[in-house]
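A short worksheet on the structure shown next.
Values in this text are rule-based calculations from the coordinates and carry no lab data. Every value quoted in this text rests on a predicted model; they were computed, and no experiment measured them. Reconstructed Cβ throughout: ideal geometry from the backbone, glycine too, with neighbour counts over all protein chains shown.
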Amino acid sequence: MQEKHLFEYAVLRVVPCVEREEFLNVGVILYCASKGFLQTVFDVNENKLKAFAPELDLEELRERLCAFQRICAGRKEGGTIGQLAVASRFRWLAATRSTVVQTSATHPGLCTDPQQTLDHLFTQLVK
């Protein structure tokens, strides 16, 4: 039997008008401490987003989402936050914020393979 690992995830959401609290799921971020795993995956579905929020700047949105990827990867490319410990980077990324890109509450689970779990959650919650 394969060993199960505790993981946490949050859904990345686009909230074009914070006051209305309407959002569209565009990605998932997953953290598994025992595997040292922190990754995010997203999809900017232009047709969906244009129908949902025609005024949304898609290039700016892509850049914000790419910043999540750079922070997950760490190193200098992730800036000051990207150089923090993995757990601190996840906590910073999943923190409550009032901006166009927000995260859901964090949710725990058990997995055998964090990458496979991330892919499954992305398919289930975003696609």
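Confirm whether residue 41 is within 11 Å of the chain's Cα centre (by Cα) and under 27 Å from residue 3 (Cα atoms). Here the answer is yes, as residue 41 does meet what is asked. Within segment 80-127, the set of residues being touching a helix residue (DSSP H, G or I) at 6+ places or on another chain (Cβ under 7 Å), part of a helix (DSSP H, G or I) and not basic (Lys, Arg) comprises 81, 82, 87, 92, 93, 114.
Can you pull out every residue in segment 38-63 that is among the charged types (D, E, K, R) and either closer than 21 Å to residue 123 by Cβ or crowded, with 16+ Cβ neighbours inside 10 Å (or both)? Those that are among the charged types (D, E, K, R) and either closer than 21 Å to residue 123 by Cβ or crowded, with 16+ Cβ neighbours inside 10 Å (or both): 43, 46, 48, 62.
Residues that are touching a Lys or Arg at 6+ places or on another chain (Cβ under 6 Å) and of a type in the set (S, T, N, Q) within segment 1-49 comprise just one, 25. Among the conditions (1) outside any helix (DSSP H, G or I); (2) in contact (Cβ under 8 Å) with a residue 24 or more places away in the chain, residue 64 misses just one, which is (1). Restricting segment 91-106 to residues that are in contact (Cβ under 8 Å) with a residue 40 or more places away in the chain and over 14 Å from residue 65 (Cα atoms), the residue that is farthest from the chain's Cα centre (by Cα) is 98.
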